[in-house]
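The values are calculated or read from the model by the stated rules, or taken from the named source; none is laboratory data. The structure displayed is predicted, hence computed values, not measured ones. Cβ coordinates were reconstructed from backbone atoms using ideal geometry, including for glycine residues, and neighbour counts include every protein chain displayed. Heavy atoms of the whole protein, side chains included, go into the accessibility calculation; ligands, DNA and RNA do not. Shrake-Rupley method; radii C 1.70, N 1.55, O 1.52, S 1.80 Å.
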Amino acid sequence: VFEGRALSPDLLPSQVTCLPRSAVPGGPEFFCGGPLGPDGVPTVLRARSGERARLCFYYELEQPPGGGLIQGLSMALAYDCRLECLEDTFEVPPESITAAVNADFVDFQCDDDPDDGDGCEMILGILVDSLPPFNGTALPPTIGTPLLLACVQLEVGGGVELDECLEIRFRD
């Protein structure tokens with residue numbers, strides 16, 4: 001089970017926020033949020049009802065466990081169903097490490113149905129080197145700053161109060 005901590009104790013009006021870290025014991029840490037701030041942590045997303053915010057996914061791995069490299073990953077996030085995940089806005093930006101290593105497979109899905117028994121969720125899956133000739137391409141270790149994987153836009157639904165914080169959290 002992944003756990004995280006709040007990005008900022010300062011809750012400003014109309015913010016969409018995310019638990020920024022999800023650690024795999026001895027392995028990478030995953031982040032989500034807005035652009036990286038000067039401290040190397042993704043910034044808090046802010047949007048009012050009817051507005052969009054760009055949610056980005058990051059990872060950080062100082063030293064691969066056992067010297068191994070990351071050849072694939074998946075992450076799942078649950079989110080307040082008053083947010084709408086705009087699946088058609090999903091992108092692998094050209095400045096992302098995913099684009100730089102030319103990942104073989106990147107897939108993203110949103111589940112915006114609050115009545116299907118598991119709430120609203122999004123899943124990101126990446127396989128870096130999954131097709132022949134298997135040249136050993138992998139996500140590199142990071143050096144003090146998380147690396148960008150991909151982004152998607154979220155829209156804040158109507159009826160969300162100005163000072164309300166809508167949660168996004170990692171889940172297993």
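Within segment 125-143, the residues that satisfy the criterion of being open to solvent by 50 Å² or more (accessible area, probe 1.4 Å) and part of a loop (DSSP other than H, G, I, E, B) are Leu131, Pro132, Pro133, Phe134, Asn135, Pro141, Ile143. Among the numbered conditions (1) buried (at least 17 other Cβ atoms within 10 Å of the Cβ); (2) over 13 Å from the mean Cα position of the chain (by Cα), the only one that Leu77 does not meet is (2). Within segment 99-124, the set of residues being of a type outside the set (A, V, I, L, M) and surrounded by 14 or more Cβ atoms within 10 Å (Cβ to Cβ) comprises Asp104, Phe108, Cys110, Asp111, Asp112, Gly119, Cys120, Glu121.
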